Amino acid sequence: MSNLEQTLSIIKPDAVERNLENEIKKEFISKGFKIVKEKKIQITKSEAEQFYKVHETKPFYNDLCSYLSSGPIVVMVLEKEDAVMANRDLMGATDPKKAEEGTLRKKYGVSIDKNSVHGSDSVENAKIEINFFFDN
Ligand code: UDP
Ligand code: MG
């Protein structure tokens, strides 16, 4: 059975700053993802707080929101069979030190906070996150 899904991907400030945007996009395309929508933006801290609201009680919340709003990011809607899990697999573990060989966070991440990419963790959250950044 075909299960075409969309997921939200963000190339975070540390990766944009190191000019990794095109290289990371090529990684997605070579794994069969279609970039359906994309934009390079810088969000405000209050927008970051809204986006990461699920983490508002965590000790890292404030730094995380400061960081995501600290520079330009590339926000993309990626489409592929089982895109949500396929993207989580391609990204690897949250902490680049624990990420498997070949994953984006292993290749590009510098630390748990500067881990280069975000990806939705469920189909339900993917819809919410896509709507957060894109009007239609
Ligand atoms: N994060 C952090 N410190 C931690 C855990 C998470 O700075 O101890 C950051 C990290 O950049 C991560 C983001 O918070 O990507 C969101 O955390 P989550 O647990 O949702 O990880 P993800 O879904 O991004 O793998
Ligand atoms: Mg998450």
Check: Going toward the positive end of the dipole of segment 1-76, with +1 on Lys and Arg Cβ and -1 on Asp and Glu Cβ, which of Tyr52, Phe33, Gly71 do you reach last?
Finding: Phe33
Notebook entry, point to check: Which whole-angstrom value gives the distance between the alpha carbon centres of segment 84-136 and segment 1-79?
Noted result: 8
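Quote the relative contact order of the chain in percent (integer), defining contacts as alpha-carbon pairs under 8 Å separated by 6+ residues.
Numbers: 231 pairs, mean separation 49.9, N = 136.
Relative CO of the chain lands at 37 percent.
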Next item on the list: Have a look at the chain and give its Rg and Dmax from the Cα atoms, expressed in angstrom.
Entry: 13.9, 42
Next item on the list: Give, as a single signed number, the net charge of other residues whose beta carbon lies under 11 Å from the beta carbon of Ser120, with Lys and Arg counted +1 and Asp and Glu -1.
Entry: -2
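Taking the Cβ of Leu4 as the centre, find all other residues whose Cβ is under 9 Å away and add up their charges (Lys, Arg: +1; Asp, Glu: -1).
Details: positive: Lys80; negative: Glu5, Glu79, Glu81, Asp82.
Within the 9 Å Cβ shell, the charges total -3.
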Next item on the list: Would you kindly calculate the translational diffusion coefficient of segment 87-136, applying Stokes-Einstein with the Kirkwood radius from alpha carbon pairs, for 25 °C and a viscosity of 0.890 mPa s, and quote it in µm² s⁻¹ without decimals?
Entry: 214
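Which order do peptides 124-132, 105-113, 5-13 fall in by mean Cβ count within 10 Å, highest first? Before the final figure, lay out the partial values.
Values: 124-132: 15.8, 105-113: 17.8, 5-13: 23.1.
The most tightly packed comes first, giving 5-13, 105-113, 124-132.
Each reported figure results from applying straightforward, stated rules to the coordinates on display, with no laboratory input. Bear in mind the structure is a predicted one, so any value in this text is a computation, not a measurement. Note: ideal-geometry Cβ built from the backbone for every residue, glycine included; neighbour counts use all protein chains shown.
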